[in-house]
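Contents: one structure, followed by commentary.
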Amino acid sequence: MRIVLAVVVLAITLISAEAWSELKLKLSNNAQNCKESSQVDPDLITKAQKGEFVEDPKYMNYTFCLTKAMNILDAEGNFKEKNLLTNLLDNVHSMLKSCEAESEKETGNGKRSFIYLRCLQDSFLNDVNMSKNAFD
């Protein structure tokens, strides 16, 4: 279960800024629907966001609902690795291209590499910070 959630969080962190607001709205709607259908204790969701996962049946139903809604698992609980990998690779590629375009404005290799790495780090950290509230 922890691996599935780690993969979900990783997928969220790699989403490009342009797609983030659309994804956040979709995740928020899915999370709300899954909260209602699973009748999970909201404190368990908060604990999981802080890294404390509780093996509670309602929480597990909530995570299953979310992963189905995100098209990571099917109704039988089978992983849809290709869907997840395609989304991850598309989003990583988008982030890399965006940072490459930003850094190509510089002529010096040192400055270019500095801007490229700073952009990657900023993009990743910004997406991580935004993903913390995606399931609220």
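The values are calculated or read from the model by the stated rules, or taken from the named source; none is laboratory data. This structure is a prediction, so every number in the text was calculated from the model and none was measured. Backbone-built Cβ (ideal geometry, glycine too); neighbour counts: all protein chains shown.
Below, the figures for the structure above:
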{"item": "Filtered residues of segment 39-75 (kept if in a helix (DSSP H, G or I) and charged (D, E, K, R))", "result": "43, 47, 58, 68"}
{"item": "Filter result (β-branched (Val, Ile, Thr) and buried (at least 16 other Cβ atoms within 10 Å of the Cβ)) within segment 34-70", "result": "40, 45, 63, 67"}
{"item": "Residues of segment 74-122 that turn out to be within 16 Å of the chain's Cα centre (by Cα) and aromatic (Phe, Trp, Tyr), as a count", "result": "0"}
{"item": "Condition met for residue 14 (within 30 Å of residue 115 (Cβ to Cβ), at pLDDT below 80, surrounded by fewer than 17 Cβ atoms within 10 Å (Cβ to Cβ) and in contact with a helix residue (DSSP H, G or I) (Cβ under 6 Å, 6 or more places away or on another chain))", "result": "no"}
{"item": "Close pairs from segment 28-46: first without any contact (Cβ under 8 Å) to a residue 24 or more places away in the chain, partner surrounded by fewer than 18 Cβ atoms within 10 Å (Cβ to Cβ) and of a type in the set (A, V, I, L, M, F, W, C), Cβ under 6 Å, at least 6 apart", "result": "44/54"}
{"item": "Qualifying positions in segment 47-58 - within 28 Å of residue 91 (Cα to Cα) and either among the polar types (S, T, N, Q) or in contact (Cβ under 8 Å) with a residue 12 or more places away in the chain (or both)", "result": "48, 49, 53"}
